[in-house]
Each structure stands twice: as structure tokens, then as C-alpha cells.
1. Can you pull out every residue in the range 161-183 that is within 15 Å of ligand 2 (Cβ to nearest atom) and open to solvent by 20 Å² or more (accessible area, probe 1.4 Å)?
2. Take THR17 and tell me if it is crowded, with 23+ Cβ neighbours inside 10 Å, in contact with a Ser or Thr (Cβ under 9 Å, 6 or more places away or on another chain) and of a type outside the set (Lys, Arg).
3. Among residues belonging to the range 184-196 that are part of a helix (DSSP H, G or I) and open to solvent by less than 50 Å² (accessible area, probe 1.4 Å), point out the one that is nearest to ligand 1 (Cβ to nearest atom).
4. Taking the conditions exactly as written (closer than 20 Å to HIS118 by Cα and within 16 Å of ligand 2 (Cβ to nearest atom)), does ALA290 satisfy them or not?
5. Condition check: basic (Lys, Arg) and more than 21 Å from GLU131 (Cα to Cα). Does ARG302 satisfy that?
6. Would you please name the residue that is farthest from the chain's Cα centre (by Cα), looking only at residues in the range 143-162 that are under 23 Å from ARG328 (Cβ atoms) and of a type in the set (Ser, Thr, Tyr)?
7. Take the range 283-333 and flag every residue that is open to solvent by 30 Å² or more (accessible area, probe 1.4 Å), hydrophobic (A, V, I, L, M, F, W, C) and within 16 Å of ligand 1 (Cβ to nearest atom).
8. Looking only at residues in the range 248-263 that are over 19 Å from the mean Cα position of the chain (by Cα) and under 15 Å from GLY167 (Cβ atoms), which one is surrounded by the most Cβ atoms within 10 Å (Cβ to Cβ)?
Amino acid sequence: MSTAPLVLGIESSCDETGVGIVRGETLLAHEVASSMDQHARFGGVVPEIASRAHLEAMLPTLRRACDTAGVRPGDVDAIAVTSGPGLAGALLVGLSAAKALAYALDKPLYGLNHLVAHVAVDILDHGPLPEPTMALLVSGGHTNLLLVRDITSDVVSLGETIDDAAGEAYDKVARILGLPYPGGPSVDAAAAGGDPRAIAFPRGLTSGRDLERHRWDFSFSGLKTSVARWVEARRAQGLEVPVADVAASFAEAVADVLVRKAIDACRAHGVTDLQVGGGVAANSRLRALAQERCDEAGIGLRVPRLGLCTDNGAMVAALGAQLVARGRPPSSLSIGGDSSLPVQHVTM
Ligand code: KG4
Ligand code: ZN
């Protein structure tokens, strides 16, 4: 009989209702209900719609996860839940469910950081995280370079985006190209047949004074504008837009900057392992380029399987299990959601 902690994790910070069950470093169940389709016609997540969808999906998702794992809620050692950052109303639904479970079952509650959970999830695929690890977190709302010395207590943000997140840039470029929401997967698919060197789109904050002042920060707003101008100019000339080439050249620019800075940060901090997490880690060009350049640099690369890159409950359970295993204190039942929870706050 294993003594590793059995933890149930709940995620509801954006448009995915996720429930995961983990024993130590082993994934037992991972169920996700997404309200993405309901947001598609608005071209972005509508917070009120997301909150309502979480309410409807929470109990069925919870039941499915328990059935899949073959555990009863009363069997778990702790309940973990995303308490930030994210949409306030959406966070509240997950927090309320987690608090109700913790209270009714008399189990400890861990309110934890969504961003750090994106890093922790990789433990389920590749085992214990080397510490220190450099983590490149790329999602719809965030782009951060994190120095992780202890996944439960010591996560430092070295740099972040000064404007758009990488995923946000993908979503905006999809709109420019007339591709469906969410933009990440559709631009990724469109890029498959394109030439990544067709158009030299800018690499933000990678040269001169910008690089000096923002060595580990990112900027994707200029890139997005550059794509928009290029496409507009083409249309103004009455020419067809080579969607595959634009998508591939854009994907190349994003991946190039992300990987370049991540490897520079590894070298500067003497860190030999890089972990890439968050929804944009599902991007095929980013995965390939990161592998290529990490191999050249002698850096170990860890990227979770696609289904664990985007938001889910398993990531929350994975981080919760680490917190329990390392004897970190649980949260109070009175915690609230914090829509802008800083990344260095691993728990609430
Ligand atoms: O981590 P995530 O599921 O939610 C947030 O916490 O934001 O990330 C969602 C983001 C979206 O912007 C989506 O377009 C992007 O991840 N994404 C991708 C891919 N799949 C999802 N971006 C690029 N390529 C993909 N294959
Ligand atoms: Zn996320």
C-alpha cells in the first residue's frame, strides 16, 4: 500500500473545469469540461459565461474523476484548488466546491497558484522535478521565465511579458488571418504547410538597449502589429494572403524568442534543466525548436504531454501532492480567490 498522498485537484481559473486525482507522482484521473465553444463567437473568454459553465460542470466532472480513479472523495488526503491568478468569478466556483469538500470531509485545503501548477504537472509525466529548474511558462494570460528552486516554496519570476502573453498573440493573429478561436491550435495547424522563413517578423526585446533593460522579459505586441500590417498591405494590393507562410513565420518568431531567452536564462543561472509549460507549450514549433536548441546546449528539456499543457485539474493535484509530501501547511478555509496572485506565492 502506497503512502504517497492522495490528492484531488480542482481547476476553474478560466474556461476549463478540471478535476484531477493524483497519488504522489502518479496520475489516477484527469477530467476536463471546457466551455470554449460557448466563447468562440465572442473571440475570447466571457467571464460570466465561464462562471456559469463551471457551476454546471463541476459536480459531473468531479464524479467522473472519482469514478475513473476508483476513489471516493472521503479517501483523499487533501483537496487542492486553484486560488489564482484567473477570472474572479470562475475562481470562486472552484474554491467554493473545494471548500465544501474539505469542510464536509474534514480534509486539509490547499489553495494554490495556477502558474506554479503548470510547472508541477510535468512531474506526472517525467517524475521528480530537478531543482533548480528553469521554467518557461507560456499560456493565454502569462509568459514568464521562472527560476524554481523548490516547487513548493521558492519560485522566482526572472522576467515576463511587458504586453501580450504568447497565447494572446496567437489568439490575435488567428483573428487577423481569419482562423477560428482559440487561435493557438488553429495557427499551429495552419503553419504546418508554411515556410517559417518566408517573412522576417520582429523578435521583441532581443537586441540593443531593449535586451539590456529586458533581458528576460518578452514582448509580443509589436510582432502582432507587424503581422497585421503585413497582411493589410497584402490585401490592399489585392493579393492573396499566404496564410500558411504567415502562420509559420509568426510561430517561428514566437518560438525563437521564447527558446532563446529560456536557454540564456539557464546558462546565466547555471541551471541545466528547462521545463516548458502552459497552453502554448502544446505548440508544435515551440516543442521542436526547444528540443533542438536544448540538445545543442546540453540542457535537459521537459515538456508535458499535450493534454496536460492546457488547463486541467491534474496540475493542481500534482502541486497539491508535492505540498502535502513536503509537509507544507494547508490554507485556511476562509481564503478567497486572487485574480492577480503573484507567481512567488505558491500557496495562499
Ligand atoms: O494554459 P492555458 O490552457 O490557459 C491559460 O491559463 O491561459 O493556455 C491557453 C492558451 C491559448 O491562448 C491558446 O491559444 C494557446 O494556449 N494554445 C496554443 C496551442 N494550444 C493552445 N498556442 C500555440 N499553439 C498551440 N498548439
Ligand atoms: Zn493556464
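The values are calculated or read from the model by the stated rules, or taken from the named source; none is laboratory data. Keep in mind that what you see is a predicted model, and the values were worked out from it rather than measured. Ideal geometry is used to build each Cβ from the backbone, glycine not excepted, and the neighbour counts take in all protein chains shown. Side chains included, ligands, DNA and RNA excluded: accessible areas come from the protein's heavy atoms. Shrake-Rupley method; radii C 1.70, N 1.55, O 1.52, S 1.80 Å.
1. Matches in the range 161-183: THR161, GLU168, ASP171, PRO182.
2. Numbers: crowded, with 23+ Cβ neighbours inside 10 Å: yes; in contact with a Ser or Thr (Cβ under 9 Å, 6 or more places away or on another chain): yes; of a type outside the set (Lys, Arg): yes.
Considered against the rule, which asks whether it is crowded, with 23+ Cβ neighbours inside 10 Å, in contact with a Ser or Thr (Cβ under 9 Å, 6 or more places away or on another chain) and of a type outside the set (Lys, Arg), THR17 comes out as yes.
3. First pass over the range 184-196, keeping only residues part of a helix (DSSP H, G or I): 184-191.
Filter once more, keeping what is open to solvent by less than 50 Å² (accessible area, probe 1.4 Å): 184, 186-188, 190-191.
Numbers: GLY184: 2, SER186: 8, VAL187: 6, ASP188: 4, ALA190: 11, ALA191: 9 Å.
It comes out as GLY184.
4. On the way: closer than 20 Å to HIS118 by Cα: yes; within 16 Å of ligand 2 (Cβ to nearest atom): no.
Spelling it out, it is not the case that ALA290 is closer than 20 Å to HIS118 by Cα and within 16 Å of ligand 2 (Cβ to nearest atom).
5. On the way: basic (Lys, Arg): yes; more than 21 Å from GLU131 (Cα to Cα): no.
No, not satisfied.
6. Initial filter on the range 143-162 (under 23 Å from ARG328 (Cβ atoms)): 144, 146-157.
Checking the rest, the ones that are also of a type in the set (Ser, Thr, Tyr) come to 152-153, 157.
Numbers: THR152: 17, SER153: 19, SER157: 15 Å.
Applying the filter and picking the extreme gives SER153.
7. Across the range 283-333, the qualifying residues are ALA288, LEU306.
8. PHE250
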